[in-house]
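The block underneath contains the structure these notes are about, expressed in structure tokens.
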Amino acid sequence: KAGVTQTPRYLIKTRGQQVTLSCSPISGHRSVSWYQQTPGQGLQFLFEYFSETQRNKGNFPGRFSGRQFSNSRSEMNVSTLELGDSALYLCASSLAPTGLSGNTIYFGEGSWLTVV
Amino acid sequence: AQSVTQPDIHITVSEGASLELRCNYSYGATPYLFWYVQSPGQGLQLLLKYFSGDTLVQGIKGFEAEFKRSQSSFNLRKPSVHWSDAAEYFCAVVLIKAAGNKLTFGGGTRVLVKP
């Protein structure tokens, strides 16, 4: 069974541009969450989607947005990129929404974004 | 405040020696707890999880962790470390909040294995 798949794995963007990252969850999983990982801030929660609905959002500016499709695949978008957006963006999937007992959360390999 | 603390930023251990990584959480209710490992340039791999029941949980790669409610801890252990265990380890807890649930991570512990 395939794991969480994220594309692209690596990308370089220029300040002011926008970027879209994609995540395909494990087959059958309907919850997708996104995290940003930086050396200074560690792992920070961006948002979670379940059945195409955003369930929770972290403390990030409105430039960060996401969506989930009917097949549970998810995309996140960052507009007007800043240098500080350079990070590893991790996607996680689970069967159910975060917070249910027994709901294991699995992560992908991440998308490395460099903003120059 | 509800948080996860990993007191040790770096740990160096000799190959074959035992390893214990500390994790403390601050949370009012029974937590759901996870340990993940991250090799350089890679994503997070789940080592083990605790939801309820037996407080000693077994994971992959020979790791185990013990949930101690009285100490608000969920320490990760391995009896004999291999060079391939060099990586960064993250403890995480699911926070149940009215505004929305989320998985919250500790700062991580980087493990270096000496030959």
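Every number here is computed from the coordinates shown, using simple stated rules; none is lab data. Remember, it's a predicted structure, so these values are computed and weren't measured experimentally. Every residue, glycine as well, gets a Cβ built from its backbone with ideal geometry; the counts of neighbours run over all protein chains shown.
Scalar couplings 3J(HN,Hα) for segment B:55-65, obtained by applying the Karplus form with A = 6.51, B = -1.76, C = 1.60 to θ = phi - 60°, are 7, 9, 10, 9, x, 7, 6, x, 8, 9, 9 Hz; x denotes Gly and Pro. Note on A:107-113: average number of Cβ atoms from other chains within 10 Å of each residue's Cβ is 3. The H on the amide N of B:Ala17, modeled in the peptide plane, is under 5 Å from the matching H of B:Val81, each at least 5 residues off or on a different chain. 3J(HN,Hα) along segment A:79-87: 9, 6, 4, 10, 4, x, 7, 4, 5 Hz, from the Karplus curve 6.51 cos²θ - 1.76 cosθ + 1.60 with θ = phi - 60°, whole Hz, x for Gly and Pro.
Coupling constants for segment B:98-110 follow from the phi torsions by the Karplus curve (6.51 cos²θ - 1.76 cosθ + 1.60, θ = phi - 60°), and in residue order they are 4, 6, x, 7, 7, 8, 10, 9, x, x, x, 10, 8 Hz; glycine and proline get x. Each of B:Ala99 and B:His82 was given a label point 7 Å from its Cα along the Cα-to-Cβ line. The distance between the two points is 4.3 nm. Peptide B:100-113 shows a mean partner chain C-beta count of 4 within 10 Å per residue C-beta. Across the alpha-carbon set of segment B:1-105, the Rg to Rh ratio works out to 0.96, Rh being the Kirkwood radius. Looking at the calculated P(r) for the protein assembly as shown, what percent of the C-alpha pair distances fall above 29 Å? Here the long-distance tail beyond 29 Å is 27 percent of all Cα pairs in the protein assembly as shown. Both radii are taken from the alpha-carbon atoms of chain A; with Rh as the Kirkwood radius, Rg/Rh is 0.95.
Mean per-residue shielding of peptide B:32-38 is 3, counting Cβ atoms of other chains within 10 Å of each Cβ. As a ratio to 2.2 N^0.38 Å, the alpha-carbon radius of gyration for segment A:1-64 is 1.24. Filter B:Lys49/B:Lys78; B:Lys78/B:Lys102; B:Lys78/B:Lys114; A:Lys57/B:Lys97; B:Lys49/B:Lys114; B:Lys61/B:Lys114 down to the pairs with a C-alpha to C-alpha distance above 22 Å, please. Over 22 Å apart, Cα to Cα: B:Lys78/B:Lys102; B:Lys49/B:Lys114.
Site pair A:Ser70 and A:Leu11 shows an inter-label distance of 2.5 nm when each label is modelled 7 Å from Cα along Cα→Cβ.
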